[in-house]
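Visitor: Quick one: this structure, given as structure tokens, is what I'll be asking you about.
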Amino acid sequence: MPFYACAQVAFVGGSLQSIGGHNLLEPAAMGTAAVTGPHLHNFSEISRRMREAGALLIGEDVQAVGDLLQHLLDDERAREDMARAGCTLVSNGRGALQRTLALVAPHLPPPRS
């Protein structure tokens, strides 16, 4: 994952064919603008949230993905805005497991001895 921090933009693969995509949170956590293809069924919820937050661009085919990557390479402000949106989304999601456990724990039976 740290290699994403070295890149200005990232293409997250497994998404131009029906593979279902790969982890979109990795480039977001490293502050890297991300572009992906349309096949995101393995990450449908996070891709929706990232797209709505302005942290992800989705190209419908190879040409569109290439065009989006070139746009981000040419437009520093767009790239920085996307990177910031991704970092914010990841930061806001941190601690979700602990918050969920705190809500559920009082309703669980006591541990067995």
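Values in this text are rule-based calculations from the coordinates and carry no lab data. These numbers were taken from a predicted model, which means no experiment stands behind them. Backbone-built Cβ (ideal geometry, glycine too); neighbour counts: all protein chains shown.
Visitor: Each residue of the stretch 28-43 in order: what ³J(HN,Hα) in whole Hz does its phi give by Karplus 6.51 cos²θ - 1.76 cosθ + 1.60, θ = phi - 60°, with x for Gly and Pro?
Guide: My calculation for the stretch 28-43 gives 4, 5, 8, x, 10, 4, 10, 10, 9, x, x, 8, 10, 5, 6, 9 Hz in order.
Visitor: Another one. Using Cβ contacts closer than 10 Å as the measure, can you line up E80, E52 from fewest to most?
Guide: If I rank by nearby Cβ atoms, fewest first, I get E52, E80.
Visitor: Counting only other residues whose beta carbon sits under 15 Å from that of I58, what net charge do I get with K and R as +1, D and E as -1?
Guide: In short, -2.
Visitor: If I take every Cα pair under 8 Å that is 6 or more residues apart in the chain, average their sequence separation and divide by the length, what percent do I get for the relative contact order?
Guide: 25 percent
Visitor: Mind sorting M30, M50 by how few other Cβ atoms lie within 10 Å of their own Cβ, fewest first?
Guide: Going from sparsest to densest Cβ surroundings: M30, M50.
Visitor: Using a 7 Å offset from the Cα along the Cα-to-Cβ direction at both S91 and A7, what is the distance between the two label points in nm, to one decimal?
Guide: Taking the two extended label points, one gets 2.3 nm.
Visitor: Still on this structure, I have one more. Could you line up I19, I46 from fewest to most neighbouring Cβ atoms inside 10 Å?
Guide: The most exposed by this proxy come first: I19, I46.
Visitor: Still on this model: Quickly work out the D81-to-S18 label distance, labels modelled 7 Å from Cα along the C-beta direction, and quote it in nm with one decimal.
Guide: 3.6 nm
Visitor: Follow-up question, since we're still on this one. Which semi-axes, in whole Å and largest first, does the equivalent ellipsoid of the stretch 10-113 have when worked out from the alpha carbon gyration tensor as the square roots of 5 times its eigenvalues?
Guide: Ellipsoid semi-axes (Å, largest first): 33, 17, 9.
Visitor: Let's test the formula: R0 of 41 Å, r as the Cβ-Cβ distance of H107 and Q70. What FRET efficiency results, to the nearest 0.05?
Guide: 0.20
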